[in-house]
1. What is the calculated FRET efficiency for Lys190 to Leu132, with r their C-beta to C-beta distance and R₀ = 25 Å, to the nearest 0.05?
2. Let a ≥ b ≥ c be the square roots of the eigenvalues of the Cα gyration tensor of the range 40-231; is it rounded (a/c under 1.5), or, if not, prolate (a/b larger than b/c) or oblate?
3. Taking 35 Å as R0, compute the FRET efficiency from the Cβ-Cβ separation of Tyr93 and Arg233 and round it to 0.05.
4. Taking Cα atoms, how many degrees apart are the long axis of helix 98-117 and the longest axis of the chain, rounded to 10 and kept between 0 and 90?
5. List the trypsin sites (Lys or Arg not before Pro) within the range 95-154 that DSSP assigns to loop and that have no more than 14 neighbouring Cβ atoms inside 10 Å.
6. Tell me the carbon and sulfur percent of the accessible area for the range 40-231, rounded to whole percent, probe radius 1.4 Å.
7. Only Lys, Arg, Asp and Glu count, each charged at its Cβ (+1, +1, -1, -1), so figure out the dipole size of the chain about its Cα centre, rounded to 20 debye.
8. How much accessible surface does Phe109 have with a 1.4 Å probe, in Å² rounded to 10?
Amino acid sequence: MKKLIENILNVFYPRCCPVCQKVLKDQNRMICPECEENLHPVGHPRCFLCGKPVNAGEYCRDCEKHHHLFDQGIGIFVYDERMRRSVTRYKYYGCREYGDFYAAAMYRFGRKEILRWDPQLIVPVPIHRTKLRMRGFNQSEYLAERLGRYTGIPVDPDLVQKVRRTPSQKKLTAVQRRKNLESAFRVTRKISEKRILLVDDVYTTGSTMDAMAACLKKKGGEKIYFLTLCTGRT
Ligand SMILES: [Zn+2]
Ligand SMILES: [Zn+2]
């Protein structure tokens with residue numbers, strides 16, 4: 001029955017390739033064979049802390065300059081033009097099925113790190129309820145739920161709330177920016193889990209991860225890691 005419903009849905013809403021956006025000839029695939037061959041995860045050398053690709057050295061320029069509050073993390077793909085387009089369609093244009101491919105890739109290419117970090121809980125980066133109403137879903141929660149299924153690690157999408165929409169941070173100093181972001185999140189309970197894995201779609205400056213790590217560490221979290229689908233270049 002489930003298969004039948006899936007087949008009917010595929011006729012009306014055929015799955016598209018998350019990278020080239022073409023309708024998948026084989027509807028059982030998550031990505032077309034051509035794109036699969038051309039899409040490579042970030043390899044080494046990469047920043048020891050945030051996982052961004054680097055030319056040489058242990059840390060990226062950003063991590064050399066700033067002290068991060070999270071412990072370690074990686075993003076799977078470079079946030080280039082095709083991934084930017086893909087994530088935009090996923091977040092804003094109803095291509096939610098792209099999330100299935102994203103989560104599968106995050107698990108496949110991030111598995112080694114997840115095993116090493118051994119997190120006791122997966123927590124998606126929350127979005128403000130106004131945004132949630134507009135968007136209809138939290139893109140990070142979708143990924144976190146699927147990663148939870150792959151790994152068997154519990155997922156708590158309600159542990160951290162985004163209580164305030166973050167206003168433009170452009171005019172603030174680095175310290176003000178950090179304070180501003182930290183107060184935008186609220187941890188809803190005391191934490192008994194020591195190692196927590198944060199999940200999001202894109203890692204850019206790390207300010208969100210830092211803010212969440214700061215809040216979680218105040219409530220008893222000890223090691224805060226992150227896994228994102230994409231990572232910016234430095
Ligand atoms: Zn494709
Ligand atoms: Zn870095």
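1. That gives a FRET efficiency of 0.50.
2. The shape class here is rounded.
3. For Tyr93 and Arg233, the calculated efficiency is 0.90.
4. Long axis of 98-117 versus the principal axis of the chain: about 50 degrees.
5. Listed in order of number, the matching sites are Arg96.
6. Roughly 50 percent of what the probe reaches on the range 40-231 is carbon or sulfur.
7. Numbers: 44 positive and 25 negative charges, 191 e Å.
That gives the chain a dipole magnitude of about 920 debye.
8. Surface accessible to solvent at Phe109 totals approximately 70 Å².
The values are calculated or read from the model by the stated rules, or taken from the named source; none is laboratory data. If you're wondering where the values come from, they're calculated on a predicted model, not measured in any experiment. FYI the Cβ positions are ideal-geometry reconstructions off the backbone, even for glycines, and counts take in every protein chain you see. Just so you know, the surface numbers come from the protein's heavy atoms only, side chains and all, with ligands and any DNA or RNA stripped out. Shrake-Rupley method; radii C 1.70, N 1.55, O 1.52, S 1.80 Å.
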